[in-house]
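The values are calculated or read from the model by the stated rules, or taken from the named source; none is laboratory data. These figures come from a predicted structure and were not determined experimentally. Because the Cβ atoms are built from the backbone with ideal geometry, glycine has one as well, and the counts that use them run over all protein chains shown.
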Amino acid sequence: MNDFISQATRRGFLRATTAAATFSALSSTAQAQSPGTPGTGTGTGTGTGTAIPTPVPGTVTGGMSASAAIGTLTDADIAVLRFSLANEIIAGDMWSQIGNQILYNPSYAAALRAIDPMLPRYMLDTVRDELSHGAFLMALAASLGVPPVNLDAFRTLPDAGTPALTTQNQDITDPMLRNAVDAWRLGGLTLPAPGTQRLVNLTALNIDTSWFNKYRTAMNPDLMPEAPMLATLSNQPVIPTTAATGTGTGTGTGTGTGTGTGTGTGTGTGTGTGTSLNNADVLNVATAALLHVSNTEQLEASTYLALGAFLRNRELLGLMASIMPVEFAHYTVFQTSVARLAGANTYTQNNGTGTGSGTGTGTGTGTGTGTGNTNTIGSGANANFLGTLDITGQANTIPLPILPAPAPVYTGAPPVSVVRPRTIAKAGAVAAANKMMATNMFAGQPPAFATMMMQMAMAADAVATVAVLSPNGLTTTQPELALSTLGSTGAGGSPITYGLRSLNGSATIVGGDTPNPRVQFAGGPGTYIFELTVTDANGNTARDVATIFYQGH
């Protein structure tokens, strides 16, 4: 049983000012084989532009330590902090695998660029943010004496994407990618080396696509059923696991001279083999990744919102309120990339090379460049996905807006554009853990992992078991007073029982086990202190205290 002592008011929590949503219909049978690595080619070009600025570290010129700013945490605050840390550790493991693919698998980076030229950078910045969240919360917990969250015992899964990393031993020369890596390093962040054992399995995910309808229509899961999936995407890899090769052909002319009875020139043709991107594989894998991370980021935002609303420590509440909109900003920026899937974005496979020999009096060799195939995003199963789609058996026309549609929050109030859901029942720690497990991202983990996650989640959700007793600090001349328990709740909306007692004096309590108790000041004038204990269906308890000054007639 968890014992939480709280003050009488619920805390308000930050409402995000940015939001988003759009989506794509991905082939439900995307191949698990990854694309091949690009072939080689040479070229020259000129251009002008402004260099990407090198990030610089910030300098702290004032402020105070975390322990001084935050002070004492209740058990409820600690439980929320520990679950949030575990969630960020898991997110960091997932994102670092994606980050390695972007940096060291040119095929993957090229496919993401074909979706949106900025998508690799969006994703690398998200890698940075998620790693920083985990590092910060871990250091914060340690400085506050919070019991550690160590998931290392469960880092047993293979780094399945390692075979697809074809340039991991090479310098990163792409300016956009290089700039992102420099920003990480200035923040003291690095990716785990390829081959590191993992917490998360990204090779066969069941991708939750309900976020599309939830944010593009007036749906609020807090008040209505979950939004329907736009598509059923099962057993989907979101990172390549092998490096497949393709072929290209080329013709070449060669001029050779020889010695002997005379000299001559000749031309010839040849074919060569090179590596190339594969539309059926790489675009499905890259698109699946975009859809999956859209889900994880909006899920994290809702969980911070739901749990943060009940934090007792105001400084910790402020920190959680500062992280939440960053998670939703990730979701929002990914929706700009999702929207581009409807365009006629193309990329050209890297060319193969061929050699040819010419004959004359002498012999010679020549090198030719083959012409690769041009692949178009939006072809096949991805074609016109923002047009008319069959979502629930009826044709639905999906418009282009990205930001979230207004949705109802209260009965009788107009709809409003908000982050949703935000209740413990739909967006709390248990709900988040269940949604993560449903994606199959923990495939290969032992049952003990799920048990540990659910224990932390239940402890965090217990923060929403709240006792509220009022009035507090009232001075009265009436010998009998009605007290209010309005605002008392059980975690996830579970039913609660009430227990009221007098901590001093000889007050008489009437209906102390009901939500509407009355007290009589039988001991005469003086100070009376009452304590309310509420217990929810899961055994979580919370307490609140009210002091009444009785002056007598």
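Numbers at a glance
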read-out: Residue in the stretch 419-433 that is surrounded by fewer than 17 Cβ atoms within 10 Å (Cβ to Cβ), assigned by TED's automatic domain parsing to the domain that holds Ala329 and not in a helix (DSSP H, G or I) present; value: no
read-out: Long-range neighbours under 6 Å by Cβ, at least six apart or interchain, first residue in the same structural domain as Met118 (by TED's automatic domain parsing) and at pLDDT 95 or above within the stretch 290-302, second buried (at least 24 other Cβ atoms within 10 Å of the Cβ) and acidic (Asp, Glu); value: Glu297/Glu327; Glu300/Glu327; Ala301/Glu327
read-out: Test: residue in the stretch 178-186 that is modelled with pLDDT of 90 or more and touching a Phe, Trp or Tyr at 6+ places or on another chain (Cβ under 9 Å); value: no
read-out: Thr267, sole failed condition from (1) within 30 Å of Ala491 (Cα to Cα); (2) modelled with pLDDT under 95; value: (1)
read-out: Sole residue being closer than 27 Å to Gly539 by Cα and at pLDDT below 95, chosen from Ala433, Ala450, Ala464, Ala522; value: Ala464
read-out: Top-ranked residue in the stretch 272-289 [being among the small types (Gly, Ala, Ser) and surrounded by fewer than 24 Cβ atoms within 10 Å (Cβ to Cβ); ranked as modelled with the highest pLDDT]; value: Ala288
read-out: Positions within the stretch 177-196 being under 13 Å from Gly99 (Cα atoms) and aliphatic (A, V, I, L, M), in sequence order; value: Leu177, Ala180, Val181, Leu189, Leu191, Ala193
read-out: Subset of the stretch 182-207 [in a loop (DSSP other than H, G, I, E, B), touching a Leu at 6+ places or on another chain (Cβ under 8 Å) and either under 16 Å from Ala91 (Cβ atoms) or of a type in the set (Asp, Glu) (or both)]; value: Leu189, Leu191, Leu199, Val200, Asn201
read-out: Qualifying residue in the stretch 485-497 (condition: assigned by TED's automatic domain parsing to the domain that holds Phe328, farther than 30 Å from Ala160 by Cβ and at pLDDT below 95); value: no
read-out: Pairs with Cβ under 6 Å, 6+ apart, first in the stretch 179-206 and over 25 Å from Pro237 (Cβ atoms), second β-branched (Val, Ile, Thr); value: Asn179/Ile52
read-out: When residues of the stretch 136-154 are limited to those that are part of a loop (DSSP other than H, G, I, E, B) and free of Cβ contacts under 8 Å to residues at least 60 places away in the same chain, the one nearest to the chain's Cα centre (by Cα); value: Asn150
read-out: Per-region count, the stretch 481-507, residues loosely packed, with under 13 Cβ neighbours inside 10 Å and closer than 22 Å to Gln551 by Cβ; value: 4
